[in-house]
Amino acid sequence: MWDYSEKVKEHFYNPKNAGAVAEANAIGDVGSLSCGDALRLTLKVDPATDVILDAGFQTFGCGSAIASSSALTEMIKGLTVDEALKISNQDIADFLDGLPPEKMHCSVMGREALQAAVANYRGEELEDDHEEGALICKCFAIDEVMVRETIRANNLSSVEDVTNYTKAGGGCSACHEGIERVLTEELAARGEVFVAAPTKAKGKSKSGLVNLNAPAPAPAAPAPAEAAPAPKMTNLQRIRRIEMVLESIRPTLQRDHGDVELLEVDGKNVYVKLTGACTGCQMASMTLSGIQQRLIEELGEFVKVIPVSAAAAAHAQLEV
């Protein structure tokens, strides 16, 4: 369980500026539902002064994604677009009194959405420097350009850092070699040497850097026997655990005249149907985000909650 600040909890449970802004003249879309996180930032900008008069967000993601989006909208209102562009992902995290390292990618997503919205307002195309096939992480569709820019902007130095800030490498781990290559090049440009985490190099620090002048470490004591890994749940056990989580959430939804129904579990994908007042609700994406976060914490693995409309669910039942 991650340790969230009170400010993160405040912006998650009582998000500011949720929903689309009326008469928005700037829209920024980042992420995708297929990758687990998506954010749309809408702005109303005064064309005469470039001042951001209003800001709103619609997000599909975890509690930290909602909190980061809420914080960002509060931070940029009243600023000019140029002033807003100076806000970094670290500024967003600081506004929230910090984010868990594993959730820093949520603040990065907010910064990217702001850049996209400003580009849309100005009628510009965001620079797309990567070529076809230059994806570093296929699981989350993270390209090399984003990895490099995030390493530079946040002074990252390990694969774990890159995963925390971009999600790259958080899936099948097949891209770790590519991330290490980029880290090696970026750290070399900073005059540093990258050492992969598993390497027992002389003077290696937790960051993945190596101090070539550090004294040789004393011989390590024999490592204690590792505890046997927890047995992997069967698919039936996973489904029952998912149903248990939904049952615990259901009373809250029912108090607001809504409900949720589990339709199907297919690997990492959990298909649900929102019913009653939850259908078409402006806060539906946040409801789904909360469900997804609870499932991830309960199962100890990444899962993606996918909403299915009542019409689509009925059609699927007819086909069975």
Of 44/138; 232/304; 44/86; 16/273; 167/268; 86/138, which pairs sit farther than 23 Å apart, going by alpha carbon to alpha carbon?
-> 44/138; 16/273; 86/138
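With the contact rule set at Cα under 8 Å and sequence spacing of 6 or more, what percent relative contact order holds for the range 13-70? Numbers along the way, then the final one.
Numbers: 107 pairs, mean separation 20.4, N = 58.
Reported as a whole number, the value is 35 percent.
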Given all pairs of distinct Cα atoms, the range 6-122 yields a Kirkwood Rh in Å of 13.7 Å
Can you tell which of 107, 163, 119 lies farthest toward the positive end of the dipole of the range 63-180, using +1 and -1 charges on the Cβ of basic and acidic side chains (Lys, Arg; Asp, Glu)?
-> 107
What percent does the relative contact order of the range 53-155 come to when contacts are Cα pairs within less than 8 Å and at least six residues apart?
-> 20 percent
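Values quoted throughout were computed directly from the atomic coordinates according to the rules given, and no laboratory measurement underlies them. It should be emphasised that the depicted structure is a prediction, and the values quoted were computed from it without experimental measurement. Neighbour counts are summed over all protein chains in view; Cβ atoms, including those assigned to glycine, are modelled from backbone coordinates with ideal geometry.
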